[in-house]
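I'd like to ask some things about the structure below.
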Amino acid sequence: MDQKTKMIKRWLVAIVLVIAAATFSACEKYEVKPIPFDANATWHFQADIQPIFNANCISCHNGSKSPDLRDGKSYGALSKGYVNPPAENSRLYVKVSSSTTHIPRTSDTQKLMILNWIKQGALNN
Ligand code: HEC
């Protein structure tokens, strides 16, 4: 290998290292930090809970399967014994949090939102 080729190789290695370092530091800067669940937040049926049903439940619970979780029907359906305290034992929470009796279709955050909404009185807010 002649002197010139060696020089070019060294430069290439140096450039690769600089790019790698820049990439890593950029990753750190834009890393997505998980938002901690705020147990004290007030959860609203229309703004927080119904969108979970719209996205995860109404493919099945669309009137033919109880409870009817479609927008406009869900609160009335759930009031018939699905959201009675204690929240942990309510039929709605037991269903969404169980991994054996019902296919889980909610994230941990969504489960906590539902749980806390029931704890806060399961209001039609
Ligand atoms: C793939 C279809 C399907 C999806 C999606 C689904 N469910 Fe269900 N669900 C069922 C079936 C079937 C039953 C009845 C059998 C059983 O209890 O597991 C049921 C039962 C229930 C029950 C109990 C009904 C009762 O009378 O006790 C609740 C509450 C419930 N689902 C809530 C939900 C919620 C909330 C979601 C969305 C997060 C959801 N389900 C998504 C199929 C589904």
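Conditions (1) surrounded by fewer than 12 Cβ atoms within 10 Å (Cβ to Cβ); (2) of a type in the set (Phe, Trp, Tyr); (3) within 9 Å of the ligand (Cβ to nearest atom), marked per residue:
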{"residue": "67", "(1), (2), (3)": "no, no, yes"}
{"residue": "72", "(1), (2), (3)": "yes, no, no"}
{"residue": "100", "(1), (2), (3)": "yes, no, no"}
{"residue": "107", "(1), (2), (3)": "yes, no, no"}
{"residue": "112", "(1), (2), (3)": "no, no, no"}
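Results for (1) in contact with a strand residue (DSSP E or B) (Cβ under 9 Å, 6 or more places away or on another chain); (2) part of a helix (DSSP H, G or I); (3) closer than 13 Å to residue 114 by Cα; (4) touching a residue at least 40 places away in the same chain (Cβ under 8 Å), shown as yes or no for each residue.
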site: 39; (1), (2), (3), (4): no, no, yes, yes
site: 43; (1), (2), (3), (4): no, no, yes, yes
site: 59; (1), (2), (3), (4): no, no, no, no
site: 63; (1), (2), (3), (4): no, no, no, no
site: 66; (1), (2), (3), (4): no, no, no, no
site: 69; (1), (2), (3), (4): no, no, no, no
site: 84; (1), (2), (3), (4): no, no, yes, no
site: 93; (1), (2), (3), (4): no, yes, yes, no
site: 102; (1), (2), (3), (4): no, no, no, no
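With 47, 87 as the choices, which residue is among the aliphatic types (A, V, I, L, M), touching a Phe, Trp or Tyr at 6+ places or on another chain (Cβ under 8 Å) and more than 9 Å from the ligand (Cβ to nearest atom)?
Answer to the check: 87.
Readers should treat all values here as calculations from the given coordinates under stated rules, not as data from a laboratory. Because the structure is a prediction, the values reported are computed rather than measured. Virtual Cβ from ideal backbone geometry, glycine too; neighbours counted across all protein chains shown.
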